[in-house]
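Each value in this text was obtained by applying a stated rule to the coordinates, not by laboratory testing. Since this is a predicted model, take the numbers as computed values, not measurements. Virtual Cβ from ideal backbone geometry, glycine too; neighbours counted across all protein chains shown.
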């Protein structure tokens, strides 16, 4: 006995390709989009170099038009492939997509090199799309979950570092004094932060033997402190390593992703994931 399977609608197929990366078509779409974003950013950067722009202006202009049209088509497809288009239009990435696509069209109606230069800079907003696509690269889902789980511990760690810098800065102010450049406690705390993070601008330096000894201790302490956030995040990654994996399936209604494998309904709004 033959069973008639319901053929997926065109909107469902578009949604699967554009918003997900579990299929070959979806992965190919994301790779092409990523290449286009990077190319667009490179073109905008090259366009800001006057000597290069004068030599290759026509090429850069044509290339940017091609990419702008490509992103315009993608923006329209994203709107028509979801059940609630306004969710995407007024979302963070929806606004970024629109703002980064408009400048080339606005060049028709806006005259003046100064204004156009500001508008061209908006095209660099496309770099935010890379953050959106990053969740499709390898085990980045686990890294994102681990970072979210670690935020409380990292916040406590940063608070501890700030307290240490205030204490060390105050001590250095007392040891070195104004004659050696430590003119105030805030300036001394600034020096402590720069030293602890091993940046070392060199605009302020201790001159006394005791101050140099304290500075040496702070530098060594800085190297050990750098490793702490890495350990916190690594521990969280190990915790979730054995949990149930998630996929890139995005809800057609609310656009939430990171659903569990074989999930039927959206964990956020309860809508059915597959039409």
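A few comments on the model shown:
- Alpha carbon centroid spacing (whole Å) that separates region 192-231 from region 22-50: 41
- Förster-model FRET efficiency, 51 Å R0, residue 183 and residue 53, C-beta, rounded to 0.05: 0.65
- Order by protection proxy (mean Cβ within 10 Å, highest first), peptides 57-66, 76-85: 76-85, 57-66
- If the chain linking residue 151 and residue 38 were pulled fully straight, counting 0.36 nm for each residue of separation and taking away their Cα-Cα distance, it would gain 37.7 nm.
- Label-to-label distance for residue 10 and residue 271 is 2.0 nm, based on points extended 7 Å past Cα in the beta-carbon direction.
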